[in-house]
């Protein structure tokens, strides 16, 4: 079976597209989350972060590892509005540079590293492992979840939003709805149930799951309007077939939402505290989230 999430191609795609992404999509490379329905794209993208942060009970001072941080949008937002200490990792050197520049301009406590999610290496532990719309790029998801669990403090939290295919999708539905997305976006879609199994296998307790399609589908209506701009297609022609397939996949994304064969899902899980950590009082109270400061 062909695999479209080749690491070298993913790095090349984001090195090339990130400046266009910023112009096209803003500081965040992720969906928006519409509550009323009339919010701007930027407000909806911030609401997606707030939605996940609220469920994960992000607290002031939390050390957050943002895996697949893109241009640093989530890390910077969490540092600025939740007073978190964020570390973002990406395999794109262009994204590291862009994120570091943005953090410096906004004077927030966020750092960005060139690091592969398949080979995460840190001396310390984190209160939260955060990943928004990135894990579907990884070849070895089982390995990622094992590494992520090891990097969590005894009472740590895993907070994930990612792209999935519908469970028990038949071959026709896969070829029509999912395959064009995988080819264009350089991903490999599993199901939410696959992720849940990996998370449980590494000693974490799932506390919340959610299908977000209804609140997030508008992202691709906006996306298709944006890519009508010939600037993007001229750039795609200059950079080759990979970029062209990426833009063509926007239409497949909207169709996937409408059919229900594509799923945007949220999973939050907590690490089960060890008996020792409960005895010596090192477990932090995560019963109430931090209040974020509105921009």
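Within segment 168-205, how many residues are outside any helix (DSSP H, G or I) and surrounded by fewer than 16 Cβ atoms within 10 Å (Cβ to Cβ)? Before the answer, list the steps.
In the first step, residues of segment 168-205 are kept if they are outside any helix (DSSP H, G or I); the result is 168-170, 186-191, 202-205.
Checking which are surrounded by fewer than 16 Cβ atoms within 10 Å (Cβ to Cβ) leaves us with 168, 170, 203, 205.
Result for segment 168-205: 4.
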(request) Inspect segment 65-73 for any residue being at pLDDT 95 or above, under 29 Å from residue 207 (Cα atoms) and assigned to a helix (DSSP H, G or I) and give the result as yes or no. (result) yes
(message) With the requirement that a residue be part of a helix (DSSP H, G or I) and either on the phi > 0 side of the Ramachandran plot or touching a helix residue (DSSP H, G or I) at 6+ places or on another chain (Cβ under 6 Å) (or both), what does segment 214-231 give you?
(response) 220, 222, 223, 224, 226
(request) Give 76, 58, 91 a once-over and let me know the one that is crowded, with 24+ Cβ neighbours inside 10 Å and farther than 27 Å from residue 205 by Cβ. (result) 76
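Please verify whether residue 105 is out of contact with any strand residue (DSSP E or B) (no Cβ under 8 Å at 6 or more places or on another chain) and either at pLDDT 95 or above or surrounded by fewer than 21 Cβ atoms within 10 Å (Cβ to Cβ) (or both), treating the condition exactly as stated.
yes
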(request) Output yes when any residue across segment 269-292 is more than 25 Å from residue 16 (Cα to Cα), touching a helix residue (DSSP H, G or I) at 6+ places or on another chain (Cβ under 6 Å) and at pLDDT 95 or above, and no when none is. (result) yes
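When only residues in segment 25-53 that are in contact (Cβ under 8 Å) with a residue 12 or more places away in the chain and exposed (fewer than 15 other Cβ atoms within 10 Å of the Cβ) count, which is nearest to residue 244 (Cα to Cα)? Talk me through it step by step, then tell me what you get.
Step one: list which residues in segment 25-53 are in contact (Cβ under 8 Å) with a residue 12 or more places away in the chain, which gives 25-35, 37, 41-42, 44-53.
Next, from what is left, pick out any that are exposed (fewer than 15 other Cβ atoms within 10 Å of the Cβ): 35, 37, 42.
Details: 35: 32, 37: 30, 42: 25 Å.
Among those residues, the one meeting the criterion is 42.
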(request) Please specify each residue of segment 8-38 satisfying the condition of being outside any helix (DSSP H, G or I) and within 16 Å of the chain's Cα centre (by Cα). (result) 26, 27, 28, 29, 30, 31, 32, 33
(request) Select from segment 98-117 the residues that are part of a helix (DSSP H, G or I) and touching a residue at least 60 places away in the same chain (Cβ under 8 Å) and list them in ascending order. (result) 98, 102
(request) Please state which one of 253, 242 is buried (at least 17 other Cβ atoms within 10 Å of the Cβ), within 22 Å of residue 17 (Cα to Cα) and at pLDDT below 85. (result) 242
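The values are calculated or read from the model by the stated rules, or taken from the named source; none is laboratory data. As the structure is a prediction and not an experimental result, all values here were calculated from the model. Ideal geometry is used to build each Cβ from the backbone, glycine not excepted, and the neighbour counts take in all protein chains shown.
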